[in-house]
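> Could you have a look at this structure, given as C-alpha cells, before my questions?
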Amino acid sequence: MNPSAPRHLTLLSAAIGAVLVFGGVSQANAQTAHDRAEARRERHAQSGSEKASESADQYPDATREAPKTKASSKMTPRLKKMMDAYDDDNGAEARAIAEEIMASDKANEYDKSFAAQIAAQTLYDEDDSVGAIADLQKALDYNGLDNDAHYNAMLMMAQLQLQEEQYDASLATIDRFFAETRSTKPEHLIVKGNALYRMERYPEAATVLKQAIDASPEPRNDWQQMLMATYFETGQTAEANALAESIASKNPGDKRAQMNLAATYQQGEQFDKAAEVLEKLRASGQLTEDREYRQLYSTYLNMDGHEADAAKVIQEGLSKGILQDDFQNNLALAQSLYFSEQIAPAISAYAKAAPLDDDGETYLNLARIYWQEDRIPEAKEAARQALAKGVKNPEDAKKITAL
C-alpha cells in the first residue's frame, strides 16, 4: 500500500489566490470628520480678494442656464447666522437654521438651495452620508445655485451614493452631471468608472478609467490599480501585467504596488515572477500579514519542485506569529514537507493538522504515511481517529486498522 497524495494540495494552492488591492476612488468620505473640519476652516480663512481671484466658471460648457436669483433681503440675516454657526463648527445650529430657511415661504430658490447645501455639508461632516445625499438632492431640486455650486453639489452626491453602495443611483447622477456639464476632467470620469466597476460592468469601466488616466498628467495609483482589476475581469492579462509593471517600477517603495504586481503575475500563471517580487518583500520584512505569507507559499505550491521553498515560508510565518496556527496553514506545511521528502517533519505537521480538520481525511493521510514508514501501531491509531471523525472511504481506514 502506498499513501495516496495527501488531499487538498491542488485545492489549497488554488484557494489561496492573489487578490488585487486598491484604495477607494473618489470616495467623498476618504477624509475623517476632523480632516474635513480643518479643510473647511482653511477654505473660510481665505480673504474675499483670494476668493474673487478663483476661477469664476468651473463648467464653461454647461448646458444649464445659471439662475439670476441671489439671496433675498428677508433671508440674508438668517443665511449669515447659518454661516456663522457653520464656520464656528456648530453644525446642529447651522442645520436647524437651514431647515427653517427651506421651510419658509419668504425664502426664494437661492436661499433654499444654499441652505440645503449647508445642511448637507453639516451632515457630511458628521459622517451621515445618507442624510447628506437627501439634502444635496434638495439643493438640486430647488435649482437656485450658480452653475459651479450646483454641479459641485451634484458631483458630491454621486460620490456619496457610490460610497453608500447606491451604484445605480450614483451612475445616474454622474451621467446627468456629464450630460449637463460636458466635462472631460479625469477626476470626474473616475467617479463614473468606479461606479461601473462596482456594478461589474467591466468593459465599460475599463473604457472610462483609461480615458481618465490618459487625460491626467499624473494619474493616481489607485486609478491605475482599478483599471488593472478591470483588465483581469475582462481577461486582458497582458494589459494588466503591463500596467502593473509600470506602476511598480515607478513606485519601488510602495508595498501595495508590489503586491499587485505579484498578484498579476499569479493570475497570469507567471509564478516564478510572482515569487521573485514577493521574496524581495519578505527579505525586506514587508510581509506582515497572514494573507501575504499565504500568497507567497501558494505561489511556490503552484511551481513544480518548490515544495521545500513553500515549507520554509510557512515555517517562518508560523514562527513569527504572522501566519495563523490554523488547519489550512498546518496542512499546507505538512503537504509541502511530504512532497519535498522531509518525512519526519511532515508527520509532525500532519499530526498537528489532523485534529483541526472537520473530518478524518487528514488523520487517514497520516495513517498512510505511518504505514509507509513501517510505524504500524501509530498507523492503526491514526486510522481509528480517522474513522471516529468520519471519512469518505472508511474501507481504506479499516484496512489499516486490520493490519
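> Provide Rg and Dmax in Å for the chain, with only Cα atoms included in the calculation.
Over the chain's Cα set, Rg and Dmax evaluate to 30.1, 100 Å.
> Sticking with this one: Using only Cα atoms, find the angle between the long axis of helix 186-198 and the longest principal axis of the chain, and express it within 0 to 90 degrees, rounded to the nearest 10.
So the helix axis and the longest Cα principal axis differ by about 50 degrees.
> What pairs from Lys312/Lys392; Lys81/Lys112; Lys70/Lys192; Lys250/Lys273; Lys192/Lys273; Lys210/Lys250 go past 25 Å between their alpha carbons?
Correct reply: Lys312/Lys392; Lys70/Lys192; Lys192/Lys273.
> Another question about this same structure. Dipole of segment 194-278 (Lys/Arg Cβ +1, Asp/Glu Cβ -1, origin at the Cα centre): which of Gln224, Ala263, Ser246 lies farthest to the positive side?
The residue sitting most towards the positive pole is Gln224.
> Also: Provide the net charge surrounding Gly91, with neighbours chosen by a C-beta distance below 9 Å and charges set as Lys +1, Arg +1, Asp -1, Glu -1.
-3
> Taking only C-alpha pairs under 8 Å that are 6+ residues apart, what is the relative contact order of segment 68-107 in percent?
Normalised by residue count, the contact order of segment 68-107 is 43 percent.
> Related question: Please arrange Tyr110, Tyr300 by counting, for each residue, the other beta carbons lying within 10 Å of its beta carbon, fewest first.
Listed from fewest to most nearby Cβ atoms, that is Tyr110, Tyr300.
> Report, to two decimal places, the Cα Rg of segment 322-393 normalised by 2.2 N^0.38 Å (N = number of residues).
Normalised Cα radius of gyration, segment 322-393: 1.03.
> Further, regarding this structure: Could you run the Karplus curve 6.51 cos²θ - 1.76 cosθ + 1.60 with θ = phi - 60° over segment 164-169 and give me ³J(HN,Hα) per residue in whole Hz, x for Gly and Pro?
Ordered by residue, 3J(HN,Hα) equals 8, 6, 8, 5, 4, 5 Hz.
> Among Trp223, Trp371, what is the fewest-to-most ranking by other Cβ atoms within 10 Å?
Fewest to most other Cβ atoms nearby, the residues stand as Trp371, Trp223.
> Okay, moving on. Just grab the label-to-label distance for Asp304 and Ala215, each label 7 Å out from Cα along the Cβ direction, in nm (one decimal).
About 5.0 nm, to one decimal.
> A further question on this structure: Percent of Cα-Cα pairs more than 23 Å apart in segment 247-403, please.
Result for the distance tail: 45 percent.
> To test your reading of the geometry: what angle, between 0 and 90 degrees and rounded to tens, separates the Cα axis of helix 33-44 from the longest principal axis of the chain?
It works out to around 30 degrees.
> Just want the ordering: Ile190, Ile343, from fewest to most Cβ atoms lying within 10 Å of their own Cβ.
Exposure proxy ranking, most exposed first: Ile343, Ile190.
> Can you tell me the dipole magnitude for the chain around its Cα centre, using point charges on the Cβ only (Lys, Arg +1; Asp, Glu -1), in Debye to the nearest 20?
That gives a dipole near 260 debye.
> Going by alpha carbons, how many degrees (0 to 90, nearest 10) lie between the helix axis of 307-319 and the longest principal axis of the chain?
Between helix and principal axis, roughly 60 degrees.
No lab work stands behind these numbers, since they all come straight from the coordinates. None of the values given here were measured: they were computed from a predicted structure. So basically every Cβ, Gly included, is an ideal-geometry build from the backbone, and we count neighbours across all protein chains shown.
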